[in-house]
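Coordinate-derived values only; no laboratory data. What you see is a predicted model, and the numbers here were worked out from it, not measured in a lab. Using ideal geometry, Cβ is built from the backbone for each residue, glycine included, and neighbour counts are taken over all protein chains shown.
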Number of protein chains: 2
Amino acid sequence: MVKQEAFELEQFIDKYETEVKYNVAETCCYSMSLREIENISGNKFDFDKIANERLAYSYIQGSPGLKKAIGGLYETIGPENLVVTNGGIGANFLSFYTLVGPGDHVIVLSPIYQQLSSVPKMFGADVEIIKLNFEDGFQPNLKQLEAKMRKNTKMIVMNNPNNPTGCIFPQETVLKIVDIARKYGSYILSDEVYRPLFHSLEPADSEPKAIADLYERGISTGSMSKSFSVAGIRLGWIASRDKNVIEGSLIRRDFNMISVGVIDDIIAQYVLQNKEAIMKHNYQLCVQNLVILDDAIRRSKGKLEYVRPKAGTTAFVKVNNKDVSSTMQMCLNLAKHDNVLAVPGETFNYPGFLRIGFANRREDLINGLEKILAYLNV
Amino acid sequence: MVKQEAFELEQFIDKYETEVKYNVAETCCYSMSLREIENISGNKFDFDKIANERLAYSYIQGSPGLKKAIGGLYETIGPENLVVTNGGIGANFLSFYTLVGPGDHVIVLSPIYQQLSSVPKMFGADVEIIKLNFEDGFQPNLKQLEAKMRKNTKMIVMNNPNNPTGCIFPQETVLKIVDIARKYGSYILSDEVYRPLFHSLEPADSEPKAIADLYERGISTGSMSKSFSVAGIRLGWIASRDKNVIEGSLIRRDFNMISVGVIDDIIAQYVLQNKEAIMKHNYQLCVQNLVILDDAIRRSKGKLEYVRPKAGTTAFVKVNNKDVSSTMQMCLNLAKHDNVLAVPGETFNYPGFLRIGFANRREDLINGLEKILAYLNV
């Protein structure tokens, strides 16, 4: 069989998710029902359409209306630049399936969602991980990146906004990474499933554009799951102006997914038609919940530190190692004894950190953080 | 990049499907809407449930109700023996992803859906194809199969009922294949997406049980798309009593799909609750439509021959080569000039054949076959 590492993060969450009361491991903006979206947006969903839709494969590559709505999230992306997939997970998988294999060098800027390093490795690529540091605000050292580039560097992989840190690579940083990639003809795969959730930028921060809009070999992967609150429809996409990426992905897609669900296609169109109302709601959720996290960090008196998130739904909180020798053990204890699910940094290869999802329900965050502070004797 | 053959069949269909009027390339039992299933079954679908369902990832591995309903299609399969996937295509892909790679020998009984030979090849396995013959009623020569077995034969792959032939391997044949596989410790992956559509068995035919029920290393892949008329929900599954298959698939599933859509999960439960009514309807559809195909074969006066389908939705019709030198060219002409989409045998590596899907709308089949007969000057 091909070698596949275990997915530390997902396995940790799967194991405890249904048992705990306070979930601060969630990365989605609190998921909504269609009724809730109707209430938030003031626009009715057409349930008759679902009742009468013939449940055939229908548009194999996604409906024209869906592709148009997704294209509307970008500046330079038309239907011909899109591949609709089974979630962001499917978009990332299909990108690697299409582009990397033995003989290819892939650079991954970490910490990052584990799929983004494990899958290219499984497909046989030589994966090199560059670890970004808390002390640098999880920003890349561009000289170090350039020094790692090789003739066969097929791809640079990043996640912007980032899970787990909630940091962004601002526009000027992304442009410099593009310059480096272009010299080597390398693709940049940017997992952008947390776009456009730039809820807490500071005045000096330049919001980055999507990599597909910035770079001719840029691949933006996106999803309805995180920012748009509907992970329960499995719908994501690849956006790229590179023809080989799109054509190659469409060929391989016939082998591992064929099409997305027709009802999910209809729902995604409805959600994207109401994106302003949903994003406004989720911005508020994130901004208000971040205040709760700020307060917990302050009250911890140095036992917890963070680089304050500017976007996305997660913070990567550093735990003072005088208090806790193993964040893995801490999270196991929290799950078993305190009804709290937090993700240990070990699942990102960053022991000493906790990932805190702050876009879930307010009560989960408040109670989860209280339990964490109590665990630290604060 | 990893090597991936083009998917001849899907690309041929994608290219012409939306242009033609009479589609005899379809392999699904004519797809239904929820309203149609309500009418056929007499049972209301709960649309309020869809309206109020929070669109979260929900049950990552599929809901307990869904797993119970799928288990009900087997004799020995419980929830712990199932992996829910994005369609049958996802079930097959995930099985290969989990089990085969460089150093593994895989035997594929052909003609077969191309995914089932191309994907193990892509994952690096040594794939050996055994071509079954029209003259043998597309039945395997078991001595030939046994002679091909090696110490490293990881898997035998078959499709039962078969697409494109509509033939079955009867119970006694499957049991003999199990005996051969067991000697070598090989898995048998049986794509069973056309179960339980055994609509035209003859009295002497023994209906085969699912491979997961027959063999401890059997892997049955299944789907809601074909027999159950709802390809538009992307929902399939792997059924196996082999723990390594299930555990390995669950690990890899986190890397390429995470979960299926929550609404698709709800719809699949509803469809399976009404499976008797739906299957009765689809049996009738197949039986009645096969008469139309019988008639066309008879009227062709030897220009068309078939092994009469016993199950599934397709027939593999042999075209007399005195009349047609290339079935690929014939199908291109039919698509371009006669508004008919039929699949050329070339896409299965069987030139000289046409695949005729007979479970689509009656008018597609009647008109499609008339045009084919006219093309042959009948």
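So the values come out like this:
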| read-out | value |
| --- | --- |
| DSSP-loop trypsin sites (Lys or Arg not before Pro) across segment B:17-68, with at most 12 other Cβ within 10 angstrom | B:Lys44 |
| Where labels lie 7 Å past Cα in the beta-carbon direction, separation of A:Leu332 and A:Glu207 in nm | 4.3 |
| DSSP-defined beta bridges in the protein assembly as shown - what % are antiparallel, rounded to 5 | 45 |
| Ranking of B:Arg362, A:Arg252, A:Arg241 by count of other Cβ atoms within 10 Å, fewest first | B:Arg362, A:Arg241, A:Arg252 |
| Cβ-based exposure ranking for B:Cys28, B:Cys286, A:Cys29, in which fewest neighbours within 10 Å come first | B:Cys286, B:Cys28, A:Cys29 |
| Label 7 Å beyond Cα on the Cβ vector: A:Asp294 copy-to-copy distances, nm | 7.8 |
| GNM top mover of A:Gly302, A:Gly78, A:Gly88 - chain A, alpha-carbon springs below 10 Å | A:Gly302 |
| Dipole magnitude of chain B about its Cα centre (Cβ charges: Lys, Arg +1; Asp, Glu -1), debye to nearest 20 | 420 |
| Rg to Rh, two decimals, where the protein assembly as shown supplies the alpha carbon set and Rh follows Kirkwood | 0.99 |
| Inter-copy separations for A:Asn339, label at 7 Å along Cα-Cβ, nm, ascending | 6.7 |
| Karplus-derived 3J(HN,Hα), 6.51/-1.76/1.60, for each residue of segment A:63-68, Hz, glycine and proline x | 6, x, x, 5, 4, 5 |
| Cleavage-rule hits (GluC sites (Glu not before Pro)) in segment B:1-63: DSSP loop, at most 10 neighbouring Cβ within 10 angstrom | B:Glu19 |
| Residue-wise HN-Hα coupling along segment B:236-252, computed from phi with Karplus coefficients 6.51, -1.76, 1.60 (Hz; x: Gly, Pro) | x, 6, 10, 10, 7, 8, 7, 4, 5, 5, 5, 5, x, 5, 5, 5, 6 |
| Magnitude of the charge dipole, segment A:82-215, Cβ model with Lys/Arg +1 and Asp/Glu -1, debye to 20 | 500 |
| Cα centroid of segment B:277-323 to Cα centroid of segment A:257-279, whole Å | 39 |
| Inter-copy spacing of B:Glu202 label points, which lie 7 Å from Cα along Cα→Cβ, given in nm from shortest upward | 8.2 |
| Exceeding the 29 Å Cα-Cα cut-off - candidates A:Lys131/A:Lys280; A:Lys15/B:Lys67; B:Lys21/B:Lys318; A:Lys275/A:Lys310; B:Lys121/B:Lys151 | A:Lys131/A:Lys280 |
| Amide H within-cut-off set for A:Thr314, under 5 Å, with H built and near neighbours excluded | A:Gly166, A:Phe358 |
| Stretchable slack from A:Lys143 to A:Asp14, in nm (0.36 nm times residue separation minus alpha-carbon distance) | 42.6 nm |
| FRET E, pair A:Ala6, B:Asp294, Förster distance 56 Å, beta-carbon r, rounded to 0.05 | 0.55 |
| Karplus-derived 3J(HN,Hα), 6.51/-1.76/1.60, for each residue of segment B:16-22, Hz, glycine and proline x | 10, 4, 7, 8, 8, 9, 10 |
| Diffusion constant of segment B:239-378 at 20 °C, which comes from Stokes-Einstein with the Kirkwood Cα-pair radius and 1.002 mPa s, µm²/s | 120 |
| For segment A:49-274, convex hull volume per residue from C-alpha positions, Å³ | 116 |
| In segment A:140-230, trypsin sites (Lys or Arg not before Pro) in a DSSP loop with at most 16 other beta-carbon atoms within 10 Å | A:Arg150, A:Lys151 |
| At R0 = 25 Å, FRET efficiency that the Cβ-Cβ distance of B:Glu172 and B:Thr76 yields, to 0.05 | 0.80 |
| Residues B:His105, B:His199, B:His337 arranged by fewest to most Cβ contacts within 10 Å | B:His337, B:His105, B:His199 |
| Normalised convex hull volume, chain B, alpha-carbon set, Å³ per residue | 141 |
| Relative contact order [Cα under 8 Å, 6+ residues apart], segment A:49-274, whole percent | 29 |
